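The values are calculated or read from the model by the stated rules, or taken from the named source; none is laboratory data. Not measured: the values here are computed from a predicted model. Cβ coordinates were reconstructed from backbone atoms using ideal geometry, including for glycine residues, and neighbour counts include every protein chain displayed. When the accessible area is computed, the model is the full protein with side chains, heavy atoms only, and any ligands, DNA or RNA have been set aside. Shrake-Rupley method; radii C 1.70, N 1.55, O 1.52, S 1.80 Å.
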Amino acid sequence: SAHVHIDRQRHRPGAAMSPMRQLALDIGLAPVPTLARFFAGPNEAALQHLRLAVEGASGGALRSCLPVYLWGEAGSGKTHLLKAVQEALRTQGVRVGWMQASTENPPAFDEDWAAVLLDEVHLYSTGQQAAAFNWFVNATSPATGAPRWVLAAGDLPPADLPLRDDLRCRLGWGHVFQLHLLDEPARRAVLRQEADARGVFLGDEVMDYMLKRFSRDLGSLVQLLDRLDSFALRTQRAITIPLLKTMLETE
């Protein structure tokens with residue numbers, strides 16, 4: 001177990017901290033989603049479009065202002081891409097509005113926003129739909145100055161969304177990309193990449209076990225990896241199939 005902890009300290013920030021403090025800080029720490037860490041596979045066109053949109057965004061201005069809507073089943077990477085765009089813009093000093101299904105009281109539209117990001121639109125309540133419509137109109141209306149960018153995502157194509165008509169129509173105005181689930185070799189590559197980003201070793205036998213017995217949904221697999229990483233740190237044990245089974249029995 002000492003080897004496991006030393007390995008973590010080499011891969012993670014703060015290696016000079018005391019072992020107990022290092023442990024406390026590391027638990028639950030997941031890398032921030034980035035466009036560079038998105039494994040595109042069959043979704044390369046969507047990734048390249050978003051890269052171009054955020055490239056060189058500075059002074060609050062974005063190159064493209066045509067709305068973009070991403071749709072696909074759970075685990076296809078929609079939320080990762082929206083959060084990656086948010087992070088890319090944040091690092092360039094660009095402010096954005098963010099709403100998802102768990103946003104209980106969406107704020108009023110802010111004139112300082114350069115973009116509006118709407119995630120999980122298929123789950124929006126009546127109040128969230130009203131706020132999203134307001135954001136969309138303000139973002140795309142010339143009356144508020146330079147147009148802002150709208151990037152939205154949901155599980156269904158725009159025409160099939162269970163939303164008010166005016167919002168549903170607007171979500172289909174611009175570029176629409178369907179995201180597809182990755183096949184098993186690609187999911188395996190993503191899990192390897194995510195494990196490396198966390199500084200943990202994920203053996204082939206553990207990966208085989210995860211891919212055969214758990215959801216095909218990549219988001220769920222990454223969450224499982226996060227739980228396993230934290231559990232291994234707390235128990236000071238290497239990540240193995242017995243450890244995974246123990247975690248599932250005790251958590």
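Say each of Glu44 and Asp165 gets a label point 7 Å from the Cα, pointing the same way as Cα to Cβ; how far apart are those two points in nm?
4.1
Rank these residues by their accessible area, most exposed first, probe 1.4 Å: Trp149, Trp98, Trp173.
The ordering from most to least exposed comes out as Trp173, Trp98, Trp149.
Rounded to the nearest 0.05, what FRET efficiency is calculated for Arg37 and Thr91 with R0 set to 22 Å and r the Cβ-Cβ distance?
0.95
When all protein chains stay in place, what accessible area (Å², nearest 10, 1.4 Å probe) is found for Arg95?
120
Which ³J(HN,Hα) values in Hz, rounded to whole numbers, follow from the phi angles of segment 109-118 under the Karplus curve 6.51 cos²θ - 1.76 cosθ + 1.60, where θ = phi - 60° and Gly and Pro get x?
Per residue, the Karplus-derived 3J(HN,Hα) values read 4, 10, 4, 7, 5, 9, 7, 10, 10, 10 Hz.
Sequence neighbours fewer than 8 away in the same chain don't count; with that in mind, list the aspartates and glutamates whose C-alpha is under 14 Å from Lys212.
Asp183, Glu184, Asp204
Would you mind getting me the FRET efficiency between Asp110 and Leu211? Use the beta-carbon distance for r and R0 = 41 Å, nearest 0.05.
Rounded to the nearest 0.05, the efficiency is 0.45.
How much accessible surface does His122 have with a 1.4 Å probe, in Å² rounded to 10?
Probe radius 1.4 Å; accessible area of His122 about 40 Å².
At 1.4 Å probe radius, can you tell me the per residue accessible area of segment 206-249 in Å²?
It amounts to 47 Å² per residue over segment 206-249.
Considering only protein heavy atoms, what per residue accessible area in square angstrom results for segment 145-184 with a 1.4 angstrom probe?
Spelled out: the 1.4 Å probe surface of segment 145-184, per residue, equals 47 Å².
Any idea of Thr140's accessible area? Nearest 10 Å², probe 1.4 Å.
40
Over the Cα atoms, compute the radius of gyration (one decimal) and Dmax (the largest Cα-Cα distance, rounded to a whole number) for segment 115-251, in Å.
20.5, 61
Just the Cα atoms of segment 203-251, one point each, no solvent: what log10 I(q)/I(0) does Debye give at q = 0.14, 0.17 Å⁻¹?
-0.30, -0.45
When only Cα pairs under 8 Å and 6 or more residues apart are kept, what is the percent relative contact order across segment 38-187?
Reported as a whole number, the value is 35 percent.
Label points 7 Å out from Cα along the Cβ direction at Ile241 and Leu52: separation in nm?
So the label points at Ile241 and Leu52 sit 4.7 nm apart.
By how many nm would the segment from His180 to Gln193 lengthen if fully extended, with 0.36 nm per residue of separation less the alpha-carbon distance?
Residue separation times 0.36 nm, minus the Cα-Cα distance, leaves 2.8 nm.
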